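Take a look at the structure below.
Read-outs throughout are calculated quantities, based only on the coordinates presented, and are distinct from any laboratory measurement. The model shown is predicted, which means the values in this text are computed figures rather than measured ones. Cβ: placed from backbone, ideal geometry, glycine included. Neighbour counts: every protein chain shown.
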Amino acid sequence: MSADPRIRVVVVDDHPIVRDGLRALFDSVPEVELVGEAKDAAGAVREVTLLRPDVLLLDIHLPDGTGLAALPGIRRASPATRVLLLTMDDDAETVLEAVRLGADGYLVKGAGQAEILHAVRAVHDGQLILGRTVTQHLRNVPRPQTAAPFPELAPREREILDLVAAGLSNAGIADRLSLSPKTVANYLTSVFAKLDVGDRAQAIIKARDAGLGRS
């Protein structure tokens, strides 16, 4: 990884028009630098191995396989690279599988330039990002009817976990519940400890499996 303050990005997509559009977008902002491109999964692994970018924008459908299948190899090649999927697929099963495999963000093609830039900056800063369309689809997925899951959580902690599983950011949760972002972060620290998970992605998977996430 470079000490350069700019966010170094590699784009992997088999459609030249998509790569051209993203190149133009990143060229227009000083804090993001496009350092590499590839059109297939093998190229994705090659580029992250050689360049160790901060963020990899990765399509799912590639000529030699899928972005999801390539994720483990990408993670091994450059563990510090954040992976943001940018694809046409927006079904909840694919999104959750991407998170399970280690994706740091998931956007659907058609996202606006501002949303893409926000996602790149956010995953670079360590946040898990799910685009607006993705979040809406997650909320619409039927969930099993169960008694209140995670009895070890206080009601407010369970409420916040439910909102996390629905794809809300800390700021969005704070706004919804009239709390400060710091208070939300403190609650989440407690939730992660009680659920024995290491990060937000693991908490989302565990919460969704228990039926949360349609708030």
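Scanning the stretch 42-60 for residues that are assigned to a loop (DSSP other than H, G, I, E, B) and touching a residue at least 40 places away in the same chain (Cβ under 8 Å), we see that the one that is farthest from the chain's Cα centre (by Cα) is ARG52.
In the stretch 175-215, the qualifying residues are those that are without any contact (Cβ under 8 Å) to a residue 12 or more places away in the chain, farther than 20 Å from GLY105 by Cβ and within 20 Å of the chain's Cα centre (by Cα), and the one that is surrounded by the fewest Cβ atoms within 10 Å (Cβ to Cβ) is THR189.
Report, by residue number, each residue of the stretch 159-173 that is assigned to a helix (DSSP H, G or I) and surrounded by 19 or more Cβ atoms within 10 Å (Cβ to Cβ). Listed by number, the residues that qualify are ILE160, LEU161, ASP162, LEU163, VAL164, ALA165, ASN170, ILE173. Taken over the stretch 61-112, the criterion of being part of a strand (DSSP E or B) and surrounded by 16 or more Cβ atoms within 10 Å (Cβ to Cβ) is satisfied by LEU62, THR66, ARG82, VAL83, LEU84, LEU85, LEU86, THR87, GLY105, TYR106, LEU107, VAL108. Within the stretch 95-123, residues that are more than 17 Å from ALA203 (Cα to Cα) reach partners that are outside any helix (DSSP H, G or I) and hydroxyl-bearing (Ser, Thr, Tyr) with beta carbons closer than 8 Å, at six or more positions or on different chains, in the pairs LEU107/THR87; VAL108/THR87; LYS109/THR87.
Residues that are surrounded by fewer than 18 Cβ atoms within 10 Å (Cβ to Cβ) and not charged (D, E, K, R) were ranked within the stretch 30-48; the one that is farthest from VAL120 (Cα to Cα) is ALA42.
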